[in-house]
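Data first, discussion second: the structure below is written as structure tokens.
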Amino acid sequence: MTKLRQELSAYGLTMIVIGTLIGSGIYLTPSQIAGHLSSPYTILLVWCVGGVIALAGAFTFAELGSMFPKTGGVYVYLREAYGPLAGFLFGWISFTIVMTGIVAALAIACTNYLSFIFPLSSTAKSMVAVSLIVILTLINIFRVKVAEIFTNIFSGLKLISISFVILAGLIWGSADMFKQSVESTVTRGSSLSVLSAFGLALIGVLWSYGGWQHVTYLSGEAKNPQRSVPVAIVVGVLVVIAVYMLTNVSYMHLLTVQEIIQTDSVAADAISTLFPFGGIVIAVIIILSVFATTFIYILTTPRIYFAMAQDGLFFKSMAKVHPKHHTPVNAIIIQSLWAMVIILVWGTFEAVITYVVFIGWTFIMLTATTVIIFRVKRPEAPRPYKTIGYPLTPIVFILALFLFVVNTLIRNPFQAGVGLTLMLLGLPFYAYFKRKQKAKEPQLEPVEVKA
């Protein structure tokens, strides 16, 4: 039987983490975050707090990655801790809306920025987004080593591009602008309203820091996964925290807080203070960044459905491995086809992304609890890597996500309700797959016992 190959290096896995995390968030969310807060220092504080939460999550998931070096990542952890139903529901919601929705949303975002350079109609945008997914899908069907090389190149280009933004602000920007922005803003309201504003700002920050768990889906194709997966998660998150903090400092050396609040394209406006062609430069950087992130999602998430199909909990065809390239070819193709349908039906970034955030973070929060469950139920299980600061680290992460999920539920009940409804629609399918699974089990003949 054809199997997946263990070809991914620790460096390649780290670049996958970095490439997943650095998407469009750092270029799009700063204006929303500044709108909730009062000074550069509180803005930097919220990015720092978000980084601490992300790092707590990285430490937590690193232990899980070392315990279960198997393809499927989060699906495997939930299945082992809570049973097959929990794992199935995560995979089901990932396929129907969360992961495929993000692939669709990223492809749409990429074409939106492309239209800044080449004007495109709404129909042309959809066609370009679909074409983008087709191209990236074809690349991902080849050996995972090819995908690693592709990821290394584009994640490296991401880091070089964002380094340009950082250096532009730190070298040619003015520290007086940073001071002026402090003096021109005043904290208003009670301490409770300030705390609420901080919580609202944290939503955009967590969106920008999300995605480190994707590397765990590839554990079964990594060299020495017990070591390389934890190292990739932790190192990747640390690099991105440093990048995000420096990028925000750079923005605030070029623009005041008030200017950041008033723009929807903070990076472009910041660079335009130095170069007249800054808007086009930033558009190209964002296109590159989103393009690479889309590629990584198409690379990683089909491994969830592949693992489910191997367990008999998803369509059998999803378990097919390409005989030459040793990749989960059908899982990759079917995910991309569904993402294309989402693009053609919904067609806008906002409509797609609204439904994925709540349910996605809910499952990540649930997955984080499995570290504690395994410490209690499987104390003797091999753990090449143990969570630093346990049990405080996972508790901080779980609590932060719980508050985030509750806030989303209160403020966006309709979208949260849609996500929960889609998840519950998976129950009949779970019953169907379990029946098929049971029917395949060998039936033992009753043994007649003679007196």
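Data overview
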item	result
Residue check, Tyr82 hydroxyl-bearing (Ser, Thr, Tyr), crowded, with 24+ Cβ neighbours inside 10 Å and either in contact with a Pro (Cβ under 6 Å, 6 or more places away or on another chain) or within 26 Å of Tyr305 (Cβ to Cβ) (or both)	no
Residue count for the range 236-284, restricted to those that are among the aromatic types (Phe, Trp, Tyr) and surrounded by 24 or more Cβ atoms within 10 Å (Cβ to Cβ)	2
Residue that is modelled with the lowest pLDDT, among those in the range 39-51 that are buried (at least 18 other Cβ atoms within 10 Å of the Cβ) and of a type outside the set (Val, Ile, Thr)	Ser39
Evaluation of Ile141 against (1) in contact (Cβ under 8 Å) with a residue 40 or more places away in the chain; (2) crowded, with 21+ Cβ neighbours inside 10 Å; (3) among the β-branched types (Val, Ile, Thr) (one fails), failing number	(2)
Selection status of Gln226, in contact with a helix residue (DSSP H, G or I) (Cβ under 6 Å, 6 or more places away or on another chain), surrounded by fewer than 24 Cβ atoms within 10 Å (Cβ to Cβ) and modelled with pLDDT of 85 or more	yes
Restricting the range 286-345 to residues that are of a type in the set (Lys, Arg) and not in a helix (DSSP H, G or I), the residue that is surrounded by the fewest Cβ atoms within 10 Å (Cβ to Cβ)	Lys324
Hey, Ile260 modelled with pLDDT under 90, among the aliphatic types (A, V, I, L, M), closer than 24 Å to Ile160 by Cα and assigned to a helix (DSSP H, G or I) or not	yes
Test for Val215: is it under 30 Å from Thr327 (Cβ atoms), buried (at least 22 other Cβ atoms within 10 Å of the Cβ), of a type in the set (Val, Ile, Thr) and at pLDDT below 90	no
The range 214-228 residues that are at positive phi, paired with ones that are at pLDDT 90 or above (beta carbon under 9 Å, 6 or more apart)	Asn224/Ala10
In the range 392-439, the residues that are of a type in the set (Lys, Arg) and modelled with pLDDT under 75	Arg411
Among residues of the range 374-412, those that are assigned to a loop (DSSP other than H, G, I, E, B) and of a type in the set (Ser, Thr, Tyr), counted	3
Complete set of residues in the range 160-206 that are surrounded by 19 or more Cβ atoms within 10 Å (Cβ to Cβ), part of a helix (DSSP H, G or I) and modelled with pLDDT of 80 or more	Ile162, Val165, Ile166, Ala168, Gly169, Ala201, Leu202, Val205, Leu206
Meets criteria (under 18 Å from the mean Cα position of the chain (by Cα), assigned to a helix (DSSP H, G or I) and crowded, with 21+ Cβ neighbours inside 10 Å) for Ile102	yes
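The rows are residues; the columns are (1) within 23 Å of the chain's Cα centre (by Cα); (2) surrounded by fewer than 15 Cβ atoms within 10 Å (Cβ to Cβ).
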residue	(1), (2)
Arg375	no, no
Leu403	yes, yes
Pro413	yes, yes
Ala416	yes, no
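The values are calculated or read from the model by the stated rules, or taken from the named source; none is laboratory data. This one's a predicted model, so the numbers in the text were calculated from it and none came from an experiment. Glycine also receives a Cβ, built like all others from the backbone with ideal geometry; neighbour counts cover every protein chain displayed.
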